[in-house]
Amino acid sequence: KQWRRLAPVLKTAGVLTNADVDAFAAYCQAYAHWREADQAVCENGVSVVSASGTKKPNPDVGAAMQYLKMANDLGSHFGLTPVSRTRLFANLDIKQPDSDPMESLLGSYAV
């Protein structure tokens, strides 16, 4: 689902290329595992009853946290957070025009 949702956007932005598909696939997989583990936590709670009848921490909590960290780390390479997006595009050398053609056009009609 993440691939279908984000790959076209990232490709259009020039962030996702053929060289990046494995790293992006790893992000998508980590994201899917996080969603699955998080769903298990939502369904079963943060603690579960062991075979001996005692309450213990739900191991899905740790798995969810681990996969979320992996997804965030991998996703940051593709600008999937506001901070990483800023860093990703901060070093682009975008040439600004010496003069704005629209300003020139509008300036010629100044009263």
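According to the calculation over all Cα-Cα pairs in the stretch 19-62, the P(r) per 10 Å bin from zero is 28, 34, 21, 13, 4, 0 %.
From largest to smallest, the equivalent ellipsoid semi-axes obtained for the stretch 1-44 from the alpha-carbon gyration tensor read 26, 10, 5 Å.
Quick one: in the stretch 1-77, what % of C-alpha pairs are over 13 Å apart? That fraction is 69 percent. Proximity of backbone amide H atoms, modeled 1.01 Å from N, is registered between Val48 and Lys56, Asn58 at under 5 Å, excluding neighbours fewer than 5 places apart on the same chain.
A short reminder: the numbers here are calculations on the coordinates, not readings from a lab. Note that the structure is a prediction, hence the values are computed from the model and not measured.
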